[in-house]
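Structure record follows, encoded as C-alpha cells.
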Amino acid sequence: PQNMSFQWNDHNGSFHPDSAMDFLPDTQLRALQLQRLRSTVERAYRNVEFVRGRMDKLGVQPCGIRSLDDIRRLPFMVKTDLRDTYPYGLFACPLSEVVRLHASSGTTGKPIVVGYTENDMKTWRNVVMRALSSAGMHRGDIIQVAFGYGLFTGGLGLHGGAEELGATVIPISGGNSERQIMVMRDFGVTALACTPSYFIHLIEYAAQMGVDLKTL
C-alpha cells in the first residue's frame, strides 16, 4: 500500500522497506489475502486441468470464492497428487515461461517437480528475505548457507533471499563439518542456514575440535 510508512530502529538503525508487508493492519492484510486467493484460484482453474476437474467435481467455481472462509470449499491436494502429475501436470503456465526447475530427491518414487517463472523467482527471494529480516538479520551479516545446492530448493532459496537482504553469502553447501567450522571461525560468520539436526551435529563436532561456537 502506497500510503503506509514505517519507522523502525534495530541495533544498526536499518529497516528493509519490503518488510512493511509484514506489519499490515489486519483489515488490509485480509483484503490482500482475499485478492490473492481469488487470483490464484482463477489462474489454477483456467490453466490446470487437474485442479479444474477437482473443483468441477465439488461444484466450485472461481467466482464462488467471495471471502477467505470460502477456502474451505476448495478441494484438498495430497502429496500423491504431486507425484501422479509428474513432471509438469500442475504447471499453470507454458514451460517456455519457466526459468528454473527444482525437484525432490524422489526416494519414494517419482520426484516432485516445481517450476519457477521469473516473477516466481522474485517472489521467492522476497519472502526469504522477509523471513531472514524477521529473524534479526540485516545488511552487514555474513551468512553461511550449509544447505545443499542443486535440485533441492534449500541452498539456492536461502542464498537468493540473503543476497536480496544485502547480507554477505558464503555458499558452502552441506557436509565436510571440519571445513564448515573453519570457515565459520575464519570468515567471521554471524548467521548459519542449515537443518536443525545438522546444526546440532556441528555443535558436537566443534566441541571435539576444541571450538566453542558461542565464542564465534
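Screening Tyr86 with (1) in contact with a strand residue (DSSP E or B) (Cβ under 7 Å, 6 or more places away or on another chain); (2) farther than 30 Å from Phe199 by Cβ; (3) assigned to a helix (DSSP H, G or I) gives one miss only, at (3).
From the list Ser5, Ser14, the lone residue that is at pLDDT below 85 and either open to solvent by less than 60 Å² (accessible area, probe 1.4 Å) or not in a loop (DSSP other than H, G, I, E, B) (or both) is Ser14. Among the candidates Ser104, Ser39, the residue that is open to solvent by less than 90 Å² (accessible area, probe 1.4 Å), at pLDDT 95 or above and either in contact with a strand residue (DSSP E or B) (Cβ under 7 Å, 6 or more places away or on another chain) or not basic (Lys, Arg) (or both) is uniquely Ser39.
Cβ-Cβ distances below 7 Å connect the following pairs, each with a first residue in segment 125-152 that is under 21 Å from His16 (Cα atoms) and touching a residue at least 24 places away in the same chain (Cβ under 8 Å), a second residue that is aromatic (Phe, Trp, Tyr) and part of a loop (DSSP other than H, G, I, E, B), and a separation of six or more residues or different chains: Ile142/Phe187.
Taking segment 73-101 as the range and being aromatic (Phe, Trp, Tyr) and either over 19 Å from Met55 (Cα atoms) or buried (at least 16 other Cβ atoms within 10 Å of the Cβ) (or both) as the test, the residues that pass are Tyr86, Tyr88, Phe91.
Quick one: in segment 197-209, of everything that is more than 26 Å from Thr153 (Cβ to Cβ) and part of a helix (DSSP H, G or I), which residue is least open to solvent (accessible area, probe 1.4 Å)? Break it down stepwise before answering.
Taking segment 197-209 first, the residues more than 26 Å from Thr153 (Cβ to Cβ) are 204, 206-209.
Going one step further and asking which of them are part of a helix (DSSP H, G or I), we end up with 204, 206-208.
Working: Glu204: 103, Ala206: 0, Ala207: 70, Gln208: 151 Å².
Going through the qualifying residues, I end up with Ala206.
The residue pairs whose first member lies in segment 18-42 and is over 22 Å from Ile65 (Cα atoms), whose second member is aromatic (Phe, Trp, Tyr) and open to solvent by 60 Å² or more (accessible area, probe 1.4 Å), and whose beta carbons are closer than 9 Å, counting only pairs six or more residues apart or on different chains, are Ser19/Phe6; Ser19/Trp8; Ala20/Phe6; Phe23/Phe6; Phe23/Trp8.
Checked against the criterion of being under 25 Å from Glu164 (Cα atoms) and modelled with pLDDT of 95 or more, the candidates Met121, Met55 yield just one match: Met121.
The values are calculated or read from the model by the stated rules, or taken from the named source; none is laboratory data. Note that the coordinates shown come from a computational prediction; the quantities given were computed from them, not determined experimentally. A quick note on method: Cβ atoms are made from the backbone with ideal geometry, for glycine too, and the neighbour counts reach across all protein chains shown. Calculation scope for accessible area: heavy atoms of the full protein, side chains included, ligands and nucleic acids excluded. Shrake-Rupley method; radii C 1.70, N 1.55, O 1.52, S 1.80 Å.
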